[in-house]
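What follows is a short report on a single structure.
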Amino acid sequence: MRSETAMPTSSMLVMDGKTIIVDCGIGVTRSIVASGVSLLDINAIFITHLHSDHVLELGPLLHTIWTSGLKKPVDVYGPEGIKEYLEAFLQSMQFDNQIRVEDEGRLPLEELINLTIYSEGFVTRLRSIDVQALKVNHPPVEECYALSFDNESKKIVFSADTAYFEPLTKFSHKCDVLVHEAMLMKGVETLLERTPNASRLREHLLASHSTVEEACKIATMAKAKHLVFNHLIPADDPDISDEDFLAEGKNGFSGQLTVGYDGIEITF
Ligand SMILES: [Zn+2]
Ligand SMILES: [Zn+2]
């Protein structure tokens with residue numbers, strides 16, 4: 001289904017010698033391997049919220065890191081509910097997990113997952129990177145967090161999924177890169193035309209996601225240097241291209257602007 005279109009949300013951040021994954025949509029494991037990074041080099045994984053396009057492959061990623069030879073724990077940070085997800089995943093793989101411990105002499109997978117449940121505010125410090133979380137506006141999901149990674153010389157912020165949310169401007173003040181979700185309204189209209197429950201979907205999209213214009217407004221007020229659109233809506237309309245997002249984005253943001261795609265690398 002997705003052979004020609006973008007995969008769900010996952011980003012890899014390499015900063016201060018740390019390799020950090022933000023969100024684990026389906027395809028994340030394959031994308032990490034394709035980028036040339038060893039799964040064993042992943043230090044930390046952050047989940048912004050529990051929608052499937054952000055968490056579906058967390059368990060399989062951890063399991064694959066484990067079978068690749070994991071010996072020291074991976075730090076996993078997620079909002080409330082993440083523990084239940086991981087426990088249920090481990091339970092679903094109990095047969096395999098147990099047999100690999102007994103038969104292959106591996107350490108139990110659960111002992112190699114160092115889980116932290118975070119909420120708003122300070123999350124952790126990874127070497128010199130200060131990680132902060134801001135609860136954003138993504139109804140009906142209560143626990144959804146923008147994340148900021150700041151080592152005092154560079155700062156990158158991920159908006160996560162959110163409707164227009166003004167506190168993000170302060171949170172991402174003067175950041176080097178703001179990765180913000182973006183929805184192109186002309187594409188949304190076409191998407192709704194071919195959707196059976198259009199009015200419900202329209203309500204959901206408008207209440208819980210940001211338009212390109214809104215993402216630009218946040219980036220401008222935040223004085224962000226570089227705005228990167230991700231989580232594009234629509235993502236699978238052949239009549240909507242990156243140029244459409246770019247053209248509309250340029251109307252609202254005068255800094256560096258990039259439209260994200262699978263495998264894109266951004267240096268900052
Ligand atoms: Zn979401
Ligand atoms: Zn999403």
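The values are calculated or read from the model by the stated rules, or taken from the named source; none is laboratory data. Keep in mind it's a predicted model, so treat the numbers as computed, not measured. Note that each Cβ is placed from the backbone with ideal geometry, even for glycine, and that neighbours are counted across all protein chains shown. The accessibility values were calculated without ligands, DNA or RNA, using every heavy atom of the protein model including side chains. Shrake-Rupley method; radii C 1.70, N 1.55, O 1.52, S 1.80 Å.
Check region 12-26 and report whether any residue there is of a type in the set (S, T, N, Q), open to solvent by 20 Å² or more (accessible area, probe 1.4 Å) and modelled with pLDDT of 95 or more. No, region 12-26 contains no residue that is of a type in the set (S, T, N, Q), open to solvent by 20 Å² or more (accessible area, probe 1.4 Å) and modelled with pLDDT of 95 or more. Scanning region 42-77 for residues that are within 16 Å of ligand 1 (Cβ to nearest atom) and either of a type outside the set (Val, Ile, Thr) or surrounded by fewer than 20 Cβ atoms within 10 Å (Cβ to Cβ) (or both) gives Phe46, His49, Leu50, His51, Ser52, Asp53, His54, Leu56, Glu57, Leu58. Ile65 meets each of the listed conditions (1) in contact with a strand residue (DSSP E or B) (Cβ under 7 Å, 6 or more places away or on another chain); (2) within 29 Å of Val136 (Cα to Cα); (3) β-branched (Val, Ile, Thr) apart from (2).
Residue by residue through region 136-161, note down the ones that are within 16 Å of ligand 1 (Cβ to nearest atom) and under 12 Å from the mean Cα position of the chain (by Cα). Steps first, please.
First, pick out the residues of region 136-161 that are within 16 Å of ligand 1 (Cβ to nearest atom): 136-147, 158-161.
Cys144, Tyr145, Ala146, Leu147, Phe158, Ser159, Ala160, Asp161, listed by residue number.
Considering only residues that are away from ligand 2 (no atom under 16 Å from the Cβ) and open to solvent by 10 Å² or more (accessible area, probe 1.4 Å), which ones fall in region 165-189? Scanning region 165-189 gives Glu166, Pro167, Thr169, Lys170, Phe171, His173, Lys174, Asp176, Met185, Lys186, Glu189. Among what's in region 250-260 and is assigned to a loop (DSSP other than H, G, I, E, B) and more than 16 Å from ligand 2 (Cβ to nearest atom), pick the residue that is most open to solvent (accessible area, probe 1.4 Å). This residue is Ser254.
Would you mind stating whether Val131 is in contact with a Cys (Cβ under 6 Å, 6 or more places away or on another chain) and aliphatic (A, V, I, L, M)? Criteria not met by Val131. Selection of region 118-142 for residues being in contact with a helix residue (DSSP H, G or I) (Cβ under 8 Å, 6 or more places away or on another chain) and surrounded by 14 or more Cβ atoms within 10 Å (Cβ to Cβ) yields Gln132, Leu134, Val136, Asn137, His138, Val141.
Which ranges mark the strands (runs of 3 or more DSSP E) fully within region 1-114 that have 2 or more residues being within 16 Å of ligand 2 (Cβ to nearest atom), of a type outside the set (Lys, Arg) and under 20 Å from the mean Cα position of the chain (by Cα)? Steps first, answer last, please.
Values: elements: 11-15, 18-22, 44-46, 74-78.
Of the strands (runs of 3 or more DSSP E) lying wholly inside region 1-114, those with at least 2 residues that are within 16 Å of ligand 2 (Cβ to nearest atom), of a type outside the set (Lys, Arg) and under 20 Å from the mean Cα position of the chain (by Cα) span 18-22.
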